[in-house]
Amino acid sequence: MDSNTNWSEQGRGSRRCRRNRLSHCAVSIFDSGVHFYRRHRQFYQRDQSNNNLTSPPITMSEEKPHLSDSLIPRLQQTLTTCSQLIEAGHFSDSDGLVTELADFLSPISVSVVEEPSNLDLEITSFEILTEIHSFINSPSRNQQVIDALSFELPKLVCKYASASKRCSEIAQLIVEHLVSMCSPREMLSILCEALSSPTEMFRVPCYFSPLIGGLAKVLILIKRRQFEQVKAAVPVILGVLKSMSLEADEEGKDTEDIFHKAIAIADSIQAVCEGLEQNDKKKLCALLGMFVLQVMALVSIAMGHNISSVLPIMVHLSQFLPICGLSYEGLITGHDVDKFATICGDDNMACFSHVKHGGSLAVIWGYKSNETCTDFEAVKNELQKNQTKRWQAIGMLKHVFSSVDLSWELKVHALDFLLCVMDGCTHQEIQNDAMDYSTYVPTLYASLQAIEMVIIYAPNAVLRKKSFDAMMKVLADVPSSLRFDILTALIQNSQSSSMIAILLDCIRREMHEEYSSCISLNSQCLSFWSARVVELVELVVKPPNGGPPSLPEYGDAVLSALNLYRFVVIRESTGKTNYTGVLSKDMLQKAYNEWLLPLRTLATGVMAANQQDHDQLALDTMCALNPIELVLYRCIELVEDNLKHA
């Protein structure tokens, strides 16, 4: 059963046949109330120019009517009539009356959302909620009356919750009273339907908060098939939280409240766990762990820009981790997340789309709040000495670096944690022949791509420098036999000229260090010195789509590629080697005729076109092309000299 769409089918089939008849008395009540509201709504419209209430002129003998003057008596009459019909056994008439009650009050709830600053509507909303609360809270109220109203009231009263804080509080009281008086399994279905079915206008935290608070009460009251019931409700709750987190505003007060209600859900699931048999307890603990990790990610998305507000929530959520059997080491390596995902099964994974984000963020928030904690010292030491776990941790952190929804502040904390680990680790080449380290190349590549995105889009130079340092440390941790493959993949899949230039410069530095090391050790182990380096140069100076590269837009990459080519030619010719094949006659002629001369023609033409202009763009273009021309002519000279001896 799809928990987001089919809740409305539960508990309602028995009522469908009871909505065909409605007494003439009930119709007249609602029609008169609606007409009154429409007739007098003009008295409650705000003048947009001066923010004052406007109304027709009022004489000394007339008073401005109040909306509640007509609505409240009619609401009282409707509720009383409904109660009388139920007590008399006229269930079909009463059921229709309840439905019409919701239809009658809906226009006012819409106005509350449309006119949030209208004080008269807030007062009316509070009076409506107060009357409903007083009615259902009466000690003499028949249980059948409460049961009948419970199908519509949760959705109805929560639509008024956005009017003010006191309206939200009384809406919460109404929902909680219904939960305490009605069947828990019925209320679970009703509340999940209410969470799944609001129109776009009411998809706001104030509407959802009382409903989620009510669910927290319901879950504890269910006594049979608890795991199945919780498992069905969790996707609905997480769907709401995800929607609210992606739409959260900067202030986030209402959003903060809804996440406190999510913590209440976690408390309830934990309480249910304690009363279950071992097998169901294990499954529900895993479900609780996944729920907490998903909420951690959503809290970070919604409120990550406000560290002081979100930190207490994260600390509270972190208290569930050991209860569920989650450890910081298991989270940052991904082991615990994968284990719990297996226990929960594939059918629930759609609602846990951010659990890996949550696993990483749980560790980052813990590190932020307890930097000297012995638990984190142990985790850090283990990651520093174990390369496999370190790479797994790097793979988990990519979810934070690549997320467009998380704040830059959180990415800074993730970089700080990564640098803290990498600064103390011992880099090593492959030592375990039984271990296939190449299986980690896709993960490391994806992680470096995520860090690359931080470098490109970082809002300030400090963050760019920090992310660049992290990238260099991660690359240094990869054995050279794999490092070249990763750098090549990053270059081939990058659309940024500046990033390609940085990566090509990394390859040039690696080649220099590798060549110097091998010469001193009299070794021929050269991972970077191969024909593939020349292919990378060609990729930039002669793009696969044909023609020379676009200048000056692609200038950074072209300059770096030419510098790399010049370095390789000089090193190979002075060392009398040809590891890369760059000095073969065919390769020299190809570079001369297909790369360098067309590039010279392009650069000369762009320079000539801009010399006649004196605007800033022309000056910037000429400044960008000057260093390219210098290196280009040097490369042409080197090729011509080597062709003479080829």
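Numbers for the structure displayed
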item	result
When residues of segment 520-573 are limited to those that are among the hydroxyl-bearing types (Ser, Thr, Tyr) and at pLDDT 90 or above, the one most open to solvent (accessible area, probe 1.4 Å)	TYR554
Residue check, LEU490 under 39 Å from the mean Cα position of the chain (by Cα), crowded, with 18+ Cβ neighbours inside 10 Å, of a type in the set (A, V, I, L, M) and closer than 23 Å to ALA591 by Cα	no
Yes/no for GLU409 being more than 25 Å from VAL441 (Cβ to Cβ) and not hydrophobic (A, V, I, L, M, F, W, C)	yes
Matching residues in segment 228-248 - criterion: being closer than 16 Å to ASP347 by Cα and of a type in the set (Lys, Arg)	LYS231
Matching residues in segment 596-606 - criterion: being surrounded by 16 or more Cβ atoms within 10 Å (Cβ to Cβ) and out of contact with any Asp or Glu (no Cβ under 7 Å at 6 or more places or on another chain)	LEU596, LEU599, ARG600, LEU602, VAL606
Filtered residues of segment 184-193 (kept if in contact with a Gly (Cβ under 9 Å, 6 or more places away or on another chain) and surrounded by fewer than 24 Cβ atoms within 10 Å (Cβ to Cβ))	ARG185, GLU186, SER189, GLU193
Any helices (runs of 4 or more DSSP H) falling wholly within segment 538-617 and containing at least 1 residues that are in contact with a Phe, Trp or Tyr (Cβ under 9 Å, 6 or more places away or on another chain) and of a type in the set (Ser, Thr, Tyr)	555-574
Yes/no for ASP336 being surrounded by fewer than 21 Cβ atoms within 10 Å (Cβ to Cβ), at pLDDT 90 or above and part of a helix (DSSP H, G or I)	no
Hits in segment 108-146 (condition: in a helix (DSSP H, G or I), of a type outside the set (A, V, I, L, M, F, W, C) and either touching a Pro at 6+ places or on another chain (Cβ under 6 Å) or open to solvent by 10 Å² or more (accessible area, probe 1.4 Å) (or both))	GLU114, ASP120, GLU122, GLU127, THR130, GLU131, HIS133, SER134, GLN143, GLN144
Pairs where the first residue, in segment 146-174, is under 17 Å from GLN76 (Cα atoms) and the second is hydroxyl-bearing (Ser, Thr, Tyr) and buried (at least 24 other Cβ atoms within 10 Å of the Cβ), C-beta under 8 Å, 6+ apart	ALA148/SER94; LEU156/SER109
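Residues checked against (1) touching a residue at least 24 places away in the same chain (Cβ under 8 Å); (2) touching a strand residue (DSSP E or B) at 6+ places or on another chain (Cβ under 9 Å); (3) buried (at least 23 other Cβ atoms within 10 Å of the Cβ); (4) not in a helix (DSSP H, G or I):
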site	(1), (2), (3), (4)
GLN384	yes, no, no, no
THR388	yes, no, no, no
ALA393	yes, no, yes, no
PHE401	yes, no, yes, no
ASP405	yes, no, no, yes
LYS411	yes, no, yes, no
ALA414	yes, no, yes, no
LEU419	yes, no, no, no
MET422	yes, no, no, no
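Here is a yes/no grid of residues against (1) closer than 25 Å to LYS389 by Cα; (2) open to solvent by less than 20 Å² (accessible area, probe 1.4 Å); (3) part of a helix (DSSP H, G or I):
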position	(1), (2), (3)
GLY289	yes, yes, yes
SER308	no, no, yes
HIS316	no, no, yes
PRO322	yes, no, yes
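The values are calculated or read from the model by the stated rules, or taken from the named source; none is laboratory data. Note that the coordinates shown come from a computational prediction; the quantities given were computed from them, not determined experimentally. Virtual Cβ from ideal backbone geometry, glycine too; neighbours counted across all protein chains shown. What goes into the accessible areas is simple: the full protein's heavy atoms, side chains included, and nothing from ligands, DNA or RNA. Shrake-Rupley method; radii C 1.70, N 1.55, O 1.52, S 1.80 Å.
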